[in-house]
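Data first, discussion second: the structure below is written as structure tokens.
The values are calculated or read from the model by the stated rules, or taken from the named source; none is laboratory data. Given the structure is predicted, the values throughout are model-derived calculations rather than measurements. Backbone-built Cβ (ideal geometry, glycine too); neighbour counts: all protein chains shown.
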Amino acid sequence: MRKLKKLPFLLFFMGMTLFSVKAADTRETKTLETAVLDNVEGRWKYNVQNVDPQYQEGVMYISKELDNFAVKIMISGGMMPTEEVKVNDNEVSFIVYVEDDRVEIKLVIDGDTFAGTGTSSQGPFTLTGTRMSDPE
């Protein structure tokens, strides 16, 4: 009979332990998601090698919109929309069309800088960038 009195306490204890583990796991997941956002989101000034002069410099905006990341590229001629944006930890990849030419971009972000590669029908190229401070 004494063992039966301990059973509700044991079940309660096990339930609270599982709840605590799940809560800690959720906090850790949210912390990792926040770290990824902090790492890739922002305004980035970039430079591209081996491309036409009008595309060599610009500003790239990486943001999270709802559940998806978005990349917008601003050059002197205006905004260039992107597609198929993927973020995996500190790696960002996307597609941009430049004068109807499909260009694939892959970036690796390291703190406030990035290095990347791109491929188009004109051949491969490299790009680098630095995070810009938020406007005040």
Inset, instruction - Could you grab me the full set of residues in the stretch 55-68 that are in contact (Cβ under 8 Å) with a residue 12 or more places away in the chain and either surrounded by 12 or more Cβ atoms within 10 Å (Cβ to Cβ) or among the aliphatic types (A, V, I, L, M) (or both)? - result: TYR55, GLU57, GLY58, VAL59, MET60, TYR61, ILE62, SER63, LYS64
Inset, instruction - Quickly run through the stretch 101-123 and pick out the residues that are loosely packed, with under 12 Cβ neighbours inside 10 Å and either without any contact (Cβ under 8 Å) to a residue 40 or more places away in the chain or under 19 Å from the mean Cα position of the chain (by Cα) (or both). - result: ASP101, ASP110, GLY111, SER121
Legend entry - Yes/no for GLU91 being without any contact (Cβ under 8 Å) to a residue 60 or more places away in the chain, surrounded by 13 or more Cβ atoms within 10 Å (Cβ to Cβ), among the acidic types (Asp, Glu) and under 19 Å from ARG43 (Cα atoms): yes
Inset, instruction - Quickly run through the stretch 124-133 and pick out the residues that are surrounded by 13 or more Cβ atoms within 10 Å (Cβ to Cβ) and not β-branched (Val, Ile, Thr). - result: PHE125, LEU127, GLY129, ARG131, MET132
Inset, instruction - Might you let me know whether the stretch 69-88 holds any residue that is in contact (Cβ under 8 Å) with a residue 40 or more places away in the chain and surrounded by 13 or more Cβ atoms within 10 Å (Cβ to Cβ)? - result: yes
Legend entry - Search result, residues across the stretch 52-97 that are among the β-branched types (Val, Ile, Thr) and modelled with pLDDT of 90 or more: VAL59, ILE62, VAL71, ILE73, THR82, VAL85, VAL87, VAL92, ILE95, VAL96
Inset, instruction - Give the residue, chosen from VAL85, VAL96, that is in contact with a strand residue (DSSP E or B) (Cβ under 8 Å, 6 or more places away or on another chain), under 19 Å from ASN47 (Cβ atoms) and not aromatic (Phe, Trp, Tyr). - result: VAL96
